[in-house]
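**Student:** Below you'll find the structure I mean.
The values are calculated or read from the model by the stated rules, or taken from the named source; none is laboratory data. Just so you know, these numbers come straight off a predicted model, no measurement behind them. Cβ sites come from the backbone with ideal geometry, for glycine too, and all protein chains shown count toward neighbours. Each accessible area value is taken on the protein alone, full model and side chains, heavy atoms only, with ligands, DNA and RNA left out. Shrake-Rupley method; radii C 1.70, N 1.55, O 1.52, S 1.80 Å.
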Amino acid sequence: MHDYPLTAGTTLLIVLLMFGTAWNVGRAREKYGVKAPATTGNEYFERAYRIQLNTMEWAMVFLPTLWLFAAYVNDRYAMLAGLIGLAGRVLYAVSYQRDPATRGTGFMIGMIAFGIIGLWAGFAVLRTLVGF
Amino acid sequence: MHDYPLTAGTTLLIVLLMFGTAWNVGRAREKYGVKAPATTGNEYFERAYRIQLNTMEWAMVFLPTLWLFAAYVNDRYAMLAGLIGLAGRVLYAVSYQRDPATRGTGFMIGMIAFGIIGLWAGFAVLRTLVGF
Amino acid sequence: MHDYPLTAGTTLLIVLLMFGTAWNVGRAREKYGVKAPATTGNEYFERAYRIQLNTMEWAMVFLPTLWLFAAYVNDRYAMLAGLIGLAGRVLYAVSYQRDPATRGTGFMIGMIAFGIIGLWAGFAVLRTLVGF
């Protein structure tokens, strides 16, 4: 990991986004009076909760792919793709909280960033294995 | 990660499964008319949603263990265990969607693959630490 | 990963905690008769389920940070922080299951351990990038 400082920094920012969305759920729990272990009962709390879970789901596919991309393609492009994906997911979180119907754009940006590094990393790994 | 190309390829396939189960939830949301942020209200949607979360839960314990196994045991066995675990989870996803009662076999295969790499990696790490 | 055996061992213990909380959900499903795909209907089952998800959420931010910390700071401190965080999360799981109102202490310990390695790793990565 020492050889990929840009990917390392990008990863910490993505971790920070996950932390932020989790923090937001805790705040929403108090603000809207939704007592643990309940996760339903208030529309705004449910949004915060969905944002957290969806952010985690995205990170769960994005982060392993990002590191494979960094290792098999390069660190600089990984940072670039990571920051674009991150920007998409910040937009997603902010717009979902305001109005779930507007969450599409941020979602698509995060998805496209994932699609690109996923296909590219897959190609690079395959090339390493098959040797073409 | 460059030294473990087989584990890298296997990881991308597992990421693809996570992506597939997430995609399936999005499709089920439209098909069965379950509007975000709701996650209940239709049996088939709920199944798709549980499959996604359970797949992620499995990957969350499986992937870190798989990489430690690759590093402390070897890349080839890691791929083998990864593909068996993956096959189990694909079976799990397909059978859960059809009938939750039949999800046991795929679950067990995924669990056994995890158990084997977990114990083996634990043993290998311990041997490195204690030096026997 | 071969250079960080203490972090490797700590990671396997954290994976074990995730596995344990997942196992507990399966047991609670049978014990309290909550049939898949339902995740509500019994208070004790819901606690077990929240514990599992929350443990995973914590691991999702903690594990990537822990490995970056190991790579950019050192392996020994990573183990120390990892074990403190793990102890906090075990306390969290046990107290949440008994009474959700008492889950705060364990939560705080896990959070502080994360905060320390997060800030420290962020600083170390930044120093590598900027070269001060």
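**Student:** Loop-only check: which trypsin sites (Lys or Arg not before Pro) in the range A:20-79 are DSSP coil with at most 11 other Cβ within 10 angstrom?
**Tutor:** Numbers: sites: A:27, A:29, A:31, A:35, A:47, A:50, A:76; in loops: A:35.
Sites meeting the loop and neighbour criteria: A:35.
**Student:** Right, here's the next one. Summarise the accessible area of the range B:72-132 (1.4 Å probe, protein heavy atoms) by the percent that is carbon and sulfur. Provide the component values of the computation, followed by the final result.
**Tutor:** On the way: 2390 of 3310 Å².
Here it works out to 72 percent.
**Student:** Does anyone have the angle between helix B:43-72 and the longest principal axis of chain B? Alpha-carbon axes, 0 to 90°, nearest 10?
**Tutor:** Helix B:43-72 sits roughly 10 degrees off the main axis of chain B.
**Student:** Just to confirm the number: angle between the C-alpha axis of helix B:5-31 and the first principal axis of chain B, 0 to 90 degrees, nearest 10?
**Tutor:** Computed tilt is about 10 degrees.
**Student:** Could you tell me the calculated FRET efficiency between residue C:119 and residue B:43, based on Cβ-Cβ distance and R0 = 56 angstrom, to the nearest 0.05?
**Tutor:** Working: r = 46 Å, r/R0 = 0.81.
It comes to 0.80.
**Student:** Still on this structure, I have one more. Give me the 1.4 Å probe accessible area per residue for the range C:5-127, excluding ligands and nucleic acids, in Å². Please list the in-between numbers first.
**Tutor:** Working: 5190 Å² over 123 residues.
Heavy-atom SASA per residue in the range C:5-127 reads 42 Å².
**Student:** What value, in deg cm²/dmol to 500, does the helix sum -39500 (n - 2.57) over DSSP H runs of n ≥ 4 give at 222 nm once divided by the residues of chain B?
**Tutor:** Numbers: 4 runs with 108 residues, N = 132.
After summing the helix terms and dividing by residue count, I get -29000 deg cm²/dmol.
**Student:** Defining the label point at 7 Å along Cα→Cβ, can you sort the distances from residue C:23 to the same site in each other copy, shortest first, in nm?
**Tutor:** Computed spacing set for this position: 3.5, 3.5 nm.
**Student:** Okay, next question. Buried accessible area for the C:B pair, summed, 1.4 Å probe, in Å² rounded to 100?
**Tutor:** Values: alone 7990 and 8010 Å², together 13920 Å².
Separately minus together, C and B give about 2100 Å² buried.
**Student:** If you don't mind, there's one more thing I want to ask. Let me know the mean shielding of C:55-68 by other chains, meaning the per-residue number of their Cβ atoms within 10 Å of its Cβ. Kindly include the intermediate steps, with their values, before the conclusion.
**Tutor:** Working: counts 1, 7, 9, 2, 3, 12, 10, 2, 5, 12, 5, 0, 6, 10.
The shielding value for this peptide is 6.
**Student:** Compute the helix-to-body angle for C:104-130: its Cα long axis versus the longest principal axis of chain C, expressed 0 to 90° and rounded to tens.
**Tutor:** Helix C:104-130 and the main axis of chain C meet at about 30 degrees.
**Student:** Rounded, prolate or oblate, given the Cα gyration tensor of the protein assembly as shown, with a/c below 1.5 counting as rounded?
**Tutor:** Working: a/c = 1.26, a/b = 1.25, b/c = 1.00.
Rounded shape, in that the Cα axes give a/c under 1.5.
**Student:** Could you work out the percent of alpha carbon pairs in chain A separated by over 24 Å, rounded to a whole number?
**Tutor:** On the way: 3105 of 8646 pairs.
Counting pairs separated by more than 24 Å, the tail of P(r) holds 36 percent.
**Student:** So for chain A, averaging the separation of alpha carbon pairs under 8 Å that are six or more residues apart and normalising by length, what relative contact order in percent results?
**Tutor:** Numbers: 140 pairs, mean separation 34.2, N = 132.
Reported relative contact order: 26 percent.
**Student:** Let me ask another. Run the label-point distances for residue C:84 please: 7 Å along Cα to Cβ, every other copy, nanometres, shortest first.
**Tutor:** 4.0, 4.0
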